[in-house]
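A short worksheet on the structure shown next.
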2 protein chains.
Amino acid sequence: MSSEFSFTLLATDGGARLGEIATPHGIIRTPAFMPVGTAATVKAIYADQLAAAGTDIVLANTYHLMLRPGAERIARLGGLHSFMRWSGPILTDSGGFQVMSLAKLRKIDEAGVTFQSHIDGSTHQLGPERAVEIQCLLGSDIVMQLDECVALPAARAEVAGAVERSLVWAERSRRAFDEYRQLGLARPGQALFGIVQGGIEPELRRRSAGALVAMDFPGYAIGGLAVGETHAAMIETLALTAAMVPAGKPRYLMGVGTPVDLIEAVANGADMFDCVMPTRSGRHGQAFTWAGKVNLKNARHADDPAPLDPLSACPAARDYSRAYLHHLVKAEEFLGAMLLSWANVAFYQQLMAAMRAAIAAGRFAAWAAEVKACLGPTK
Amino acid sequence: MSSEFSFTLLATDGGARLGEIATPHGIIRTPAFMPVGTAATVKAIYADQLAAAGTDIVLANTYHLMLRPGAERIARLGGLHSFMRWSGPILTDSGGFQVMSLAKLRKIDEAGVTFQSHIDGSTHQLGPERAVEIQCLLGSDIVMQLDECVALPAARAEVAGAVERSLVWAERSRRAFDEYRQLGLARPGQALFGIVQGGIEPELRRRSAGALVAMDFPGYAIGGLAVGETHAAMIETLALTAAMVPAGKPRYLMGVGTPVDLIEAVANGADMFDCVMPTRSGRHGQAFTWAGKVNLKNARHADDPAPLDPLSACPAARDYSRAYLHHLVKAEEFLGAMLLSWANVAFYQQLMAAMRAAIAAGRFAAWAAEVKACLGPTK
């Protein structure tokens, strides 16, 4: 495998971009969807199923892994790839988002975040240097800076404060990452991404993006979206923020989203996505299909011998009747969650593959219009 | 596939027997272990994993399936094999055991059992004819008669009453099965087994077995064991009951057991087994190995890079570290239950394969002594 991180822009079609990210653990075809492997497992899915479904990269959560089983332990065991038996690229988040949404009694200051574990109440600190160190211990291919993400709506001053703090942390993250590299803790080809904050305020986004671009990160995440604003505001802010970062670097829209969100975000310049939606929905009896979302709990599926999608390459979508899936969901059987999570991740990856093909063919807008009409009220 | 049911006794070694049962859905190598697929799924395991692990036949529960999704529904959908995507043989129990252990407000009389569903409280009746009809609708390869199983210890009169009622039901089951055959509802090659009851009383076992043998079933189950008696009493009763049924018919010891139970039961003439132990233990963080039972919840596994069994052909036992399994179990991740259930079923099938090889080699007793010493306190 290459030991260099690089992004190659292969084609553009309107705002949509086709590309490839090279990492130490392989190529990521963009636009890319990253299934979320919170605790070193994408819930209810085997790693080989992820790969066969077209997954190039998975995301893992620093917050969860630092608390259990611990970053140092995973490092001693050979790193996250080996621990969870996923040989492809891994992106880890910084832990900040989940500290703020899951942990208790947190205190945020310049040093970082002090919080209590949601597992056992123990107290932990997470600063920008430690967040990078943990991710280096995990051995992820893409490391995220610690940032402060403000739920919307929020007062402008609060969003502005989070922008400034995130910029300070970005600089400290980069400095720490460079040091860890010299110490051999970060390895060649690992890349640190900066995160643009600023809510839905163009001026704050400009301030954030400008300062990060001056620091010259190998990739830029667009954070602070999908946190309470409207869909239109999200897409508008994405579009203007994407234009503020260099075309030659990948853009990662964090925490998004529905199939239609992804299509519209790709149309507006996003290259990478992560979301728990396919797996969480799968555990709750919902399936994503080209004809929209299907609720398998619904009694109308009880006698339906048809699979979710007879044309799918994914066995979970192609080979099992809706009647059986309905039964498994009603009986709360493991296999229901297993099959629907698998089918949903496969659908998301088929959606990304179709987007990549449409961009390559120069017909992304027409493709998007057709597909959005089929997806219907799925959003 | 053959449309005839048959049993071929290939070798004996002391009380242990090596054989093959031919069914419409393929061959069952005996001694055979049947994983339990209660609600038309062996919990947390894909059907192809079961087959690759060496499973020839699975058991499904009539009680659960009659209540949800319903036997007529499964028949309309093409039968249980197609519904659950298991192409090998299936044995269904009669439903009686679970009516008596799971349902509420039951009434037992000559007609059968009246009970309330543990799912929604609805009232149902299950008599010997309906129990056979349901199993024919499901399309199982081996159909079990409805019987009455008494938990031990119990008064002799109660056990004797259950023997007589079970014999009446056996005769009615056989008559119903013959009628369904003439009607085409039971298909060629489907086989109905009788169930010997009688607690741990030799005289009652003799009464039960004698009457059933006179009815000439293609196979005999030994029921009413593993329900409260000692291990020694179970094995002793098994041995004497096995001697009461024809050598040319398979003997199915119901609801047993631990690895050591299986070894001792094979030594005493049993050919078939079912038990939830490998899957239930897997969901509770316990693994079966050749060195005994391993509790993955235990902190001593937290840093252990070794797999459960580096020599296993099962990926779940061979490819994942105990540290990772420990983490998954502690984090209550689906994948923990998935991997341990899979590894445990694979271990049980490896145990059966080893027993078959030892019988074929004429060294079952020596093999059993060695293996029981290794398994240690697993029981």
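Rule-based calculations on the coordinates, nothing more; no lab input. Note that the coordinates shown come from a computational prediction; the quantities given were computed from them, not determined experimentally. Neighbour counts are summed over all protein chains in view; Cβ atoms, including those assigned to glycine, are modelled from backbone coordinates with ideal geometry.
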At what distance in nm do the modelled label points of B:LYS297 and A:THR230 sit from each other, each positioned 7 Å from its Cα along Cα→Cβ? 5.1 nm
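With the cut-off at 28 Å, tell me which of the pairs A:LYS293/A:LYS330; A:LYS297/B:LYS104; A:LYS107/A:LYS293 have Cα atoms farther apart than that.
Working: A:LYS293/A:LYS330 18 Å; A:LYS297/B:LYS104 26 Å; A:LYS107/A:LYS293 40 Å.
Correct reply: A:LYS107/A:LYS293.
When the Kirkwood radius is taken over all Cα pairs of segment A:118-157, what Stokes-Einstein diffusion coefficient follows at 37 °C and 0.692 mPa s, in µm²/s?
Numbers: Rh = 12.7 Å.
In µm²/s, the coefficient is 259.
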List the relative contact order of chain A as a percent without decimals, with contacts defined as Cα pairs under 8 Å and 6+ residues apart. 18 percent
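Write down Rg/Rh for segment A:83-184, rounded to two decimals, with Rg from the C-alpha atoms and Rh from the Kirkwood relation over Cα pairs. Intermediate results must be reported in sequence, preceding the final value.
Working: Rg = 14.5 Å, Rh = 14.5 Å.
Dividing the radius of gyration by the Kirkwood radius yields 0.99.
How many times 2.2 N^0.38 Å is the alpha carbon radius of gyration of the protein assembly as shown?
Output field value: 1.10.
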Given R₀ = 51 Å, FRET efficiency for B:GLU370-B:HIS118 by Cβ-Cβ distance, to 0.05? 0.75
Can you list the aspartates and glutamates whose alpha carbon is less than 12 Å from that of A:LYS372, not counting same-chain residues fewer than 8 positions off? A:ASP261, A:GLU264
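Could you pull out the GluC sites (Glu not before Pro) across segment B:248-357 that fall in loop regions by DSSP (anything but H, G, I, E, B) with no more than 13 other Cβ atoms inside 10 Å?
Working: sites: B:GLU264, B:GLU332, B:GLU333; in loops: B:GLU332, B:GLU333.
Sites meeting the loop and neighbour criteria: B:GLU332.
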Starting from the 7 Å offset along Cα-to-Cβ, what nm value, one decimal, do you get for the label separation of A:GLU4 and B:ASP178? 8.4 nm
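What GluC sites (Glu not before Pro) does segment B:1-97 have in DSSP loop regions with at most 13 other beta carbons within 10 Å? Each step should come with its number before you reach the end.
Details: sites: B:GLU4, B:GLU20, B:GLU72; in loops: B:GLU4.
Listed in order of number, the matching sites are B:GLU4.
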Can you give the average number of partner chain beta-carbon atoms within 10 Å of each beta-carbon in peptide A:298-307, as a whole number? 2
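Given +1 on the Cβ of Lys and Arg, -1 on the Cβ of Asp and Glu, and no further charges, what dipole in debye does the protein assembly as shown carry about its Cα centre, rounded to the nearest 20?
Values: 70 positive and 72 negative charges, 50 e Å.
Taking the Cα centre of the protein assembly as shown as origin, the dipole is about 240 debye.
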Given the candidates A:PHE364, A:LEU340, A:ALA317, the one whose Cα lies deepest towards the positive end of the charge dipole of segment A:306-364, counting +1 at each Lys or Arg C-beta and -1 at each Asp or Glu C-beta, is A:PHE364
Proximal charge balance of A:GLN286 [Cβ under 10 Å; K/R count +1, D/E count -1]: +4
With no solvent and one point per C-alpha, what does the Debye sum give as log10 I(q)/I(0) for segment A:227-347 at q = 0.22 Å⁻¹? -1.10
Angle check, please: helix B:231-242 long axis (alpha carbons) against the longest principal axis of chain B (alpha carbons), in degrees 0 to 90, nearest 10. 50 degrees
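Counting other Cβ atoms within 10 Å, keep those with at most 11, restrict to DSSP loop, and tell me which GluC sites (Glu not before Pro) in segment A:79-160 are left.
Numbers: sites: A:GLU110, A:GLU129, A:GLU133, A:GLU148, A:GLU158; in loops: A:GLU110, A:GLU148.
Passing sites in segment A:79-160 are A:GLU110.
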From the label point of B:GLY210, set 7 Å from Cα along Cα→Cβ, how far away are the matching label points in the other copies, in nm, ordered shortest to longest? 10.2
